[in-house]
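Notes for the one structure printed next.
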Amino acid sequence: MENLDIVQVSADVGPQGVSLYFGLGDGTLAAERTFATRSITGTPSLAATADFNNDGNIDVATSDGSMLLGNGNDTFQAPVYGFDAPAKVISISPTDFNVDGNPDLLVLASDQEYVYLGNGDGTFQAPLTYSAGSGSAVVLAADFNGDRIPDLAVADTCINPSCTEPGIAILLGVGNGTFESPTYFSLAFVPQFMVVGDVNNDGILDLVVAGSDSTSGYIGILLGNGDGTFQTPIDMVFAQNFPFGLTISDFNGDGIQDLAFTSSSGLNVLLGTGDGMFGSPIVTPNVYAGSVRPSDFNGDGIEDLVVRGSGMLGLQILTGIGDGTFLTPLPLLQFNTVTDVKVARFGSHLLPDMLVLSDAVYQRPVGIVVNGTKE
């Protein structure tokens with residue numbers, strides 16, 4: 001039986017730090033190990049995982065500027081200074097912007113995009129800053145024009161000076177961590193979530209955006225032209241069904257990318273048709289309305305999901321059946337407030353681990369989900 005280990009970043013570890021719980025393979029967890037962060041700007045609420053020092057082990061960069069270098073055996077070295085973190089970080093993710101083989105960091109905070117070029121030893125250079133629109137909710141890095149250099153897509157509440165038009169800003173990468181001036185694409189709704197993928201199987205990356213207006217939820221599909229521009233959005237409208245999280249993957253194994261979003265009705269899976277369109281939602285009820293991430297947690301070759309709830313709800317694991325449907329959701333962890341979840345392998349075992357960030361000061365019982373059963 002494979003073991004699932006759990007990492008929690010919390011305010012109750014001296015006062016900020018990482019708690020690592022080792023799965024024993026029998027549905028229980030060993031006593032926690034704790035790893036402090038540097039607490040540069042307060043409690044870390046977000047994290048990015050990558051091999052930041054190029055030693056073959058997965059490391060953790062947290063939103064307070066800390067770097068925890070992995071040892072490859074589910075442990076970390078003492079925390080070190082990684083980067084000068086801005087206040088009010090919205091997202092943090094790794095990307096190699098200057099194509100030198102060293103992971104860089106992309107941080108979104110207060111309508112500013114920060115690019116920290118990695119030195120390859122777990123430290124970073126001073127940030128390069130950019131601004132594209134206002135009310136920025138999401139920033140993603142991907143190659144939208146096929147030159148093998150990462151570009152930026154920023155989902156904004158406002159893309160015009162009068163703040164009457166929401167949309168997407170595209171900044172094409174130059175290859176040294178800098179970008180060309182933004183190009184804007186209008187949306188009919190306020191964007192809150194965004195994913196990238198090839199939804200029409202033409203080999204060109206597309207964007208899918210989720211958001212809402214005052215009465216309805218929206219999924220907007222922007223098909224890429226391959227030169228960094230996009231076609232007019234194709235909107236799917238869901239009356240009184242507002243997305244709270246969005247992800248993209250192949251949930252039925254047909255080689256076509258599908259969508260999943262959470263809402264007050266539960267988990268909504270939209271199976272792709274291969275031409276950029278999607279079917280009606282397949283709803284799994286009793287799923288938290290929160291962020292959602294795919295991974296194969298039980299090693300059966302079928303995508304599963306982890307959903308982050310609000311408040312003290314914690315997490316849910318949904319085991320995939322392989323046809324776009326999922327088993328009844330099972331709670332995995334319950335904290336006061338889970339703020340982020342990342343999926344990575346911190347040891348040599350085959351199944352993925354989860355990095356769970358929380359500001360909790362107490363924990364409820366923890367379960368291990370193996371092959372769709374809670375043991």
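The values are calculated or read from the model by the stated rules, or taken from the named source; none is laboratory data. Model, not experiment: these values are computed from the prediction. Positions of Cβ are generated from backbone atoms using ideal geometry, with glycine treated the same way; all protein chains shown enter the neighbour counts. Calculation scope for accessible area: heavy atoms of the full protein, side chains included, ligands and nucleic acids excluded. Shrake-Rupley method; radii C 1.70, N 1.55, O 1.52, S 1.80 Å.
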Problem - The listed residue being in contact with a Ser or Thr (Cβ under 7 Å, 6 or more places away or on another chain) and either modelled with pLDDT under 95 or within 16 Å of ALA169 (Cα to Cα) (or both), out of PHE230, PHE238 - result: PHE238
Exercise for the section: Count, please, the residues in segment 90-105 that happen to be surrounded by 21 or more Cβ atoms within 10 Å (Cβ to Cβ) and among the aliphatic types (A, V, I, L, M). Expected result: 2
Fill in the blank from the handout: ASP254 fails exactly one of (1) open to solvent by 10 Å² or more (accessible area, probe 1.4 Å); (2) in a strand (DSSP E or B); (3) farther than 19 Å from LEU152 by Cα; (4) at pLDDT 95 or above, namely (2)
Exercise for the section: Restrict the check to segment 40-51 and report whether at least one residue is at pLDDT 90 or above, closer than 29 Å to ILE149 by Cβ and more than 16 Å from the chain's Cα centre (by Cα). Expected result: yes
Practice task
Check GLY56, GLY118, GLY70 and return the single one that is over 30 Å from PRO182 (Cα atoms) and open to solvent by less than 30 Å² (accessible area, probe 1.4 Å).
Solution key: GLY70
Practice task
May I ask you to list the residues in segment 263-279 that are closer than 14 Å to GLY217 by Cβ and part of a loop (DSSP other than H, G, I, E, B)?
Solution key: SER264, SER265
Fill in the blank from the handout: Looking across segment 188-203 at residues that are within 22 Å of the chain's Cα centre (by Cα) and aliphatic (A, V, I, L, M), the single one that is surrounded by the most Cβ atoms within 10 Å (Cβ to Cβ) is VAL199
Fill in the blank from the handout: With criteria (1) open to solvent by less than 10 Å² (accessible area, probe 1.4 Å); (2) modelled with pLDDT under 95; (3) not in a loop (DSSP other than H, G, I, E, B), ALA260 comes up short on (2)
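Results for (1) open to solvent by 10 Å² or more (accessible area, probe 1.4 Å); (2) aliphatic (A, V, I, L, M); (3) modelled with pLDDT of 90 or more, shown as yes or no for each residue.
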position: GLY279; (1), (2), (3): yes, no, yes
position: ASP296; (1), (2), (3): yes, no, no
position: ILE302; (1), (2), (3): yes, yes, yes
position: GLY309; (1), (2), (3): no, no, no
position: GLY320; (1), (2), (3): no, no, yes
Handout entry: Residue list for segment 191-241, restricted to those being among the β-branched types (Val, Ile, Thr), out of contact with any Pro (no Cβ under 6 Å at 6 or more places or on another chain) and either assigned to a strand (DSSP E or B) or under 19 Å from PRO281 (Cβ atoms) (or both)
Key = VAL195, VAL196, VAL199, VAL208, THR215, ILE219, ILE221, ILE234, VAL237
Practice task
Among the numbered conditions (1) open to solvent by 30 Å² or more (accessible area, probe 1.4 Å); (2) at pLDDT 85 or above, tell me where PRO86 comes up short.
Solution key: (1)
Problem - Qualifying positions in segment 161-179 - of a type outside the set (Gly, Ala, Ser), open to solvent by less than 40 Å² (accessible area, probe 1.4 Å) and within 23 Å of VAL190 (Cβ to Cβ) - result: PRO166, ILE168, ILE170, LEU171
